[in-house]
1. Tell me, which residue of region 1-14 that is within 21 Å of Arg133 (Cα to Cα) and out of contact with any strand residue (DSSP E or B) (no Cβ under 6 Å at 6 or more places or on another chain) is modelled with the highest pLDDT?
2. Please find, within region 82-106, the residue that is farthest from Glu35 (Cα to Cα) out of those that are in contact with a Pro (Cβ under 9 Å, 6 or more places away or on another chain) and surrounded by 13 or more Cβ atoms within 10 Å (Cβ to Cβ).
3. So the check is Cβ under 6 Å with 6+ separation or different chains; which pairs have a first residue in region 137-152 that's free of Cβ contacts under 8 Å to residues at least 60 places away in the same chain and a second one that's among the aliphatic types (A, V, I, L, M)?
4. Could you list, in sequence order, all residues of region 29-55 that are surrounded by fewer than 14 Cβ atoms within 10 Å (Cβ to Cβ), modelled with pLDDT of 90 or more and among the hydrophobic types (A, V, I, L, M, F, W, C)?
5. Which of the strands (runs of 3 or more DSSP E) contained wholly in region 1-114 include at least 2 residues that are closer than 30 Å to Arg137 by Cα and under 18 Å from the mean Cα position of the chain (by Cα)?
6. Does Asp129 satisfy the condition of being of a type outside the set (Gly, Ala, Ser), out of contact with any Cys (no Cβ under 9 Å at 6 or more places or on another chain) and under 17 Å from Glu30 (Cα atoms)?
7. Could you tell me whether any residue of region 15-35 is within 30 Å of Val135 (Cα to Cα), of a type in the set (Phe, Trp, Tyr) and not assigned by TED's automatic domain parsing to the domain that holds Val135?
8. Lys141 - would you say it is closer than 24 Å to Glu23 by Cβ and out of contact with any helix residue (DSSP H, G or I) (no Cβ under 9 Å at 6 or more places or on another chain)?
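The values are calculated or read from the model by the stated rules, or taken from the named source; none is laboratory data. Everything quoted here is computed from the prediction, not taken from an experiment. No Cβ is skipped: glycine too gets one built from the backbone with ideal geometry, and neighbour counts run over all protein chains shown.
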Amino acid sequence: MPLYLCRWTNGDCSFVFAASKGEAIELLDEIGNAEGCPLTPIHDFTVHFRFNDDGILEFEEFSEITEDGQPILSDALLNAPRDEQTGALTPEGMEIVKAAVGKERERVKAKNVAEPDTELGREIKRNTDAPTRLVDRIVRKVASEKLGRFHGRDKPH
C-alpha cells in the first residue's frame, strides 16, 4: 500500500497510507478536504523523533523528502545563518526561514475538482465540504437501499 504526501494549500503536509489517491483523500477528510491538494506517492521515507530532557517525544527531522516537497524552505534551512557554537538559527536566520515558510504556503494552489454526480450530492458537498468521491458513494448507497425497499403501486408485495 503506497504512502502519500498531501501538501495542503496552507503549506502544511500530511502523510497517509492508502490503496489509491481517492482513498487517501477520503482518509485525509478527518483533517480537512484534500481534494485539489497535491498528493504525491512517497517511495522512501524516514522520520526521526527524539526524547527531550523531560521525556517527551519530539519530532526531529524527515529524510530528504522536504527537499523535493518544499524546496524553498529546504534551501532556507540549509543556508540560513546559525550560531557557530549551538547550531541554532540566528535571529536573521529565523527571519529567513519565516519568509521561506510564507513562500511555501503561497506556492501550493488547489486544483479544480469534480462536482458530485447528483444535485443532492452537490448540496451535501456544499454543506459538509466532504470529498466528492465520498459524497457520491454515500448517495449511491442510500439510493440503492431506498430503491431496494420500494414497492410501486402496481407491484405485488
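1. Once the filter is applied, the top-ranked residue is Trp8.
2. Ranking the candidates gives Thr90 first.
3. Taking only residues 6 or more apart or on different chains, the pairs are Val139/Leu120.
4. Ile31
5. 3-7, 13-17, 39-42
6. yes
7. So far as region 15-35 goes, yes, one or more of its residues are within 30 Å of Val135 (Cα to Cα), of a type in the set (Phe, Trp, Tyr) and not assigned by TED's automatic domain parsing to the domain that holds Val135.
8. It is true that Lys141 is closer than 24 Å to Glu23 by Cβ and out of contact with any helix residue (DSSP H, G or I) (no Cβ under 9 Å at 6 or more places or on another chain).
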